[in-house]
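Report on the following structure.
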Amino acid sequence: QVQLVESGGGLVQPGGSLRLSCGASGSIFRIIVMAWYRQAPGKERELVARITTAGITNYADSVKGRWTISRDNDKNTVYLQMNSLESEDTAVYYCDAILKAYSDDYDRAYWGQGTRVTVSS
């Protein structure tokens, strides 16, 4: 069984920083992509940033230049360094991994439970 566990959310003032972490554990054969999504109240879930095993990254336009996604392949962990936070960044942040567990027949998506980020003064 595979689990993704996020941490690092919380309350921060506008202009502040937070670092989110997400670790994947269990019987994992390979991880292809790890990513962060977010869902604000009343809005659809959206991709924030993603990173491949080779370190290729993609970002949503709204976070480019402010945030950095990184990954520790040995630890099956992905990080999201969020700087210059704005009130619009308030959301629940979800970790996603495209991976193949030993029990899976093919690569599939796994999700964490989410961590809440609130940007407010």
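Please treat every number below as a calculation from the coordinates, not as lab data. Here the structure is a predicted model, which means the values were calculated and not measured. Here the Cβ positions follow ideal geometry from the backbone for every residue, glycine too, while neighbour counts run over all protein chains shown.
Values computed for the structure shown
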quantity	calculated
Selection within the stretch 8-45 - part of a loop (DSSP other than H, G, I, E, B) and of a type in the set (Phe, Trp, Tyr)	none
Residue list for the stretch 57-90, filter: within 16 Å of Cys22 (Cα to Cα) and small (Gly, Ala, Ser)	Ser70
Close pairs from the stretch 8-24: first in contact (Cβ under 8 Å) with a residue 40 or more places away in the chain, partner buried (at least 18 other Cβ atoms within 10 Å of the Cβ) and acidic (Asp, Glu), Cβ under 6 Å, at least 6 apart	Cys22/Glu6
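Quick grid of which residues meet (1) in contact with a Phe, Trp or Tyr (Cβ under 7 Å, 6 or more places away or on another chain); (2) on the phi > 0 side of the Ramachandran plot:
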residue: Val2; (1), (2): yes, no
residue: Val5; (1), (2): no, no
residue: Gly8; (1), (2): no, yes
residue: Arg19; (1), (2): yes, no
residue: Phe29; (1), (2): yes, no
residue: Met34; (1), (2): no, no
residue: Tyr37; (1), (2): yes, no
residue: Ala40; (1), (2): no, no
